[in-house]
Amino acid sequence: MIYYVGIDISKYKHDFCIISNTGEVIVKNESFENNKKGFQTLLERLKPYNKSDVHIAFEAIGHYSMNLELYLIKQEYSFMKMNPLIIHQFLKTRSLRRTKTDKTDSLTIVSYLMSVPYKPNSDLLYNIYTLKSLCRSREFLIKERSKFKILLTNELDKSFPELKSFFNNRISTTLLYILKEYKNRKHISLMRDYETIRKLSHGKFTYVKFAKLKQLAKNSIGHYDDNTDLLITTYVSIIENFNKKIDPIEKQISTIIKELNPKMLSIPGLGEITTATVLSEYGDINNFSSPGKMLAFAGLEPSIIESGTLQSRGRMVKHGSGHLRYSIMNIAMTILSNSPTFYDYYLKKRSEGKCHRVALSHVCKKLIRVIYYLEKKQIDFNPSLLK
């Protein structure tokens, strides 16, 4: 006999119910606290049954369920996480009433669990959790750092407008060092520590560039004062602090992804950080039965409307993980520069009259289909196999 357990997750407590595959309601509704004592209460309720006969499910609603998941794994129970949107839509099909409580939610989860194939958690769970936390923290820090890079650029546009283009519009470590040490164009024009800057740039900042920069600073039309110097120093310091926080996170992400060594890492243009972002959002790709479901998870599938004689394919639905969709779109741009196969596919879509964004979305879809194939077959990327 199978025993279905539906758990409604919340911050301080969780509600659950247990129903057998014969329809017998064993636990209609009970609660347990989100702590060790509460988890033991749940365990006591499950002890009478074989662990292999217990099917547990709850909604994937973020970090509130993490400790419970790790506890269940330690106790050798499996569980299945469900998309909250699907549970919400399932509830609508069962009743026209607008009733949403913790009790009804746990019953809805159990009812849905009984109607679909059971897909238990992956062994990758802990690594996926870690990667997701690291990748999302990195994304947040980078977005915050970008704000101060913009503020720094605004000040440079006034005090030394020629400087940013000299560094190819990048705020590099070398540029940050120069601004930190010299602040304004007058002091930059008098620089003498070439050897320090050369070592900092790993030899890329040649003496010719050094001399040109000094001359550029001497003839600059920029205006600066004490206030400008103060703001530049402040922004440089903040950006360097962000760099110090981001660097160890990226190193840890690289360490984990090297250990996992997913096959998607073999795609040209897909680096360790971007691979980690995709894997952390998708989790175990074996949980997806088709690439179409992976597209839906990222919100990249088009909406389809068919009613009577009306048929249309609309815009992307944009449901699912916004972090994943944002990352995939950015990854697609990088891949275009590194993979002739994907670039040719992009040009094909452009030749069909599609604008850049639409053509890029097709590249994203192709990329997801390739990732699905590589991970399912456990093979490396081979462009000759692509259609």
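The values are calculated or read from the model by the stated rules, or taken from the named source; none is laboratory data. Computed from a predicted structure; not experimentally measured. Please note: Cβ atoms are built from the backbone with ideal geometry, for glycine as well, and neighbour counts cover all protein chains shown. For accessibility, only protein heavy atoms count, side chains too; no ligands or nucleic acids. Shrake-Rupley method; radii C 1.70, N 1.55, O 1.52, S 1.80 Å.
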For the range 122-133: of the residues being open to solvent by 40 Å² or more (accessible area, probe 1.4 Å) and over 13 Å from the mean Cα position of the chain (by Cα), which is modelled with the lowest pLDDT?
Asp123
(1) surrounded by fewer than 16 Cβ atoms within 10 Å (Cβ to Cβ); (2) under 21 Å from Tyr224 (Cα atoms): which one isn't true of Arg136, the others all being true?
(2)
Which pairs have Cβ atoms under 6 Å, sit 6 or more apart or on different chains, and link a residue in the range 245-267 that is under 22 Å from Asn382 (Cβ atoms) and part of a helix (DSSP H, G or I) to one that is open to solvent by less than 50 Å² (accessible area, probe 1.4 Å) and not hydrophobic (A, V, I, L, M, F, W, C)?
Ile257/Thr275; Lys263/Glu375; Met264/Thr275; Leu265/Thr275
Residues in the range 227-243: is at least one crowded, with 17+ Cβ neighbours inside 10 Å and on the phi > 0 side of the Ramachandran plot?
no
Which pairs do you get when a residue that is without any contact (Cβ under 8 Å) to a residue 40 or more places away in the chain and farther than 13 Å from Met264 by Cβ, found in the range 285-296, comes within reach of a residue that is of a type in the set (D, E, K, R) and surrounded by 13 or more Cβ atoms within 10 Å (Cβ to Cβ), reach meaning Cβ atoms under 7 angstrom, with the pair 6+ apart or on two chains?
Gly292/Glu301
Of Ser10, Ser31, the only residue that is surrounded by 12 or more Cβ atoms within 10 Å (Cβ to Cβ), among the polar types (S, T, N, Q) and more than 29 Å from the chain's Cα centre (by Cα) is Ser31
Scanning the range 292-308 for residues that are open to solvent by 70 Å² or more (accessible area, probe 1.4 Å) and either part of a helix (DSSP H, G or I) or not charged (D, E, K, R) (or both), the one modelled with the highest pLDDT turns out to be Lys293
List pairs: first residue in the range 44-64 and farther than 24 Å from Ile128 by Cβ, second residue open to solvent by less than 30 Å² (accessible area, probe 1.4 Å) and at pLDDT below 90 anywhere in the structure, Cβ distance under 7 angstrom, at least six positions apart or on different chains.
Arg45/Val27
Only one of Ile150, Ile221 that is surrounded by fewer than 14 Cβ atoms within 10 Å (Cβ to Cβ), at pLDDT 95 or above and either more than 25 Å from the chain's Cα centre (by Cα) or closer than 30 Å to Ile249 by Cα (or both)
Ile150
Just for the range 15-28: of the residues that are more than 18 Å from Leu91 (Cβ to Cβ) and touching a residue at least 24 places away in the same chain (Cβ under 8 Å), which one is surrounded by the fewest Cβ atoms within 10 Å (Cβ to Cβ)?
Asn21
Let me spell it out: the conditions are (1) surrounded by 14 or more Cβ atoms within 10 Å (Cβ to Cβ); (2) free of Cβ contacts under 8 Å to residues at least 40 places away in the same chain, and Phe166 meets all of them except one. Which number is the exception?
(2)
Take the residues in the range 350-387 that are farther than 20 Å from Met294 by Cβ and among the charged types (D, E, K, R), then tell me which one is least open to solvent (accessible area, probe 1.4 Å).
Lys354
Against the condition of a type in the set (S, T, N, Q), closer than 30 Å to Asn83 by Cβ and assigned to a loop (DSSP other than H, G, I, E, B), how does Ser289 come out, does it pass?
yes
Having 1 or more residues that are among the acidic types (Asp, Glu) and out of contact with any Leu (no Cβ under 9 Å at 6 or more places or on another chain) is the bar; report the helices (runs of 4 or more DSSP H) wholly within the range 1-94 that clear it.
36-46
Hits in the range 190-216 - residues which are within 17 Å of Ser172 (Cβ to Cβ), touching a helix residue (DSSP H, G or I) at 6+ places or on another chain (Cβ under 9 Å) and of a type in the set (Lys, Arg):
Arg198, Lys204, Lys209, Lys212
What are the residues in the range 71-83 that are modelled with pLDDT of 80 or more and either of a type in the set (Phe, Trp, Tyr) or open to solvent by 60 Å² or more (accessible area, probe 1.4 Å) (or both), if any?
Tyr71, Ile73, Lys74, Glu76, Tyr77, Phe79, Lys81
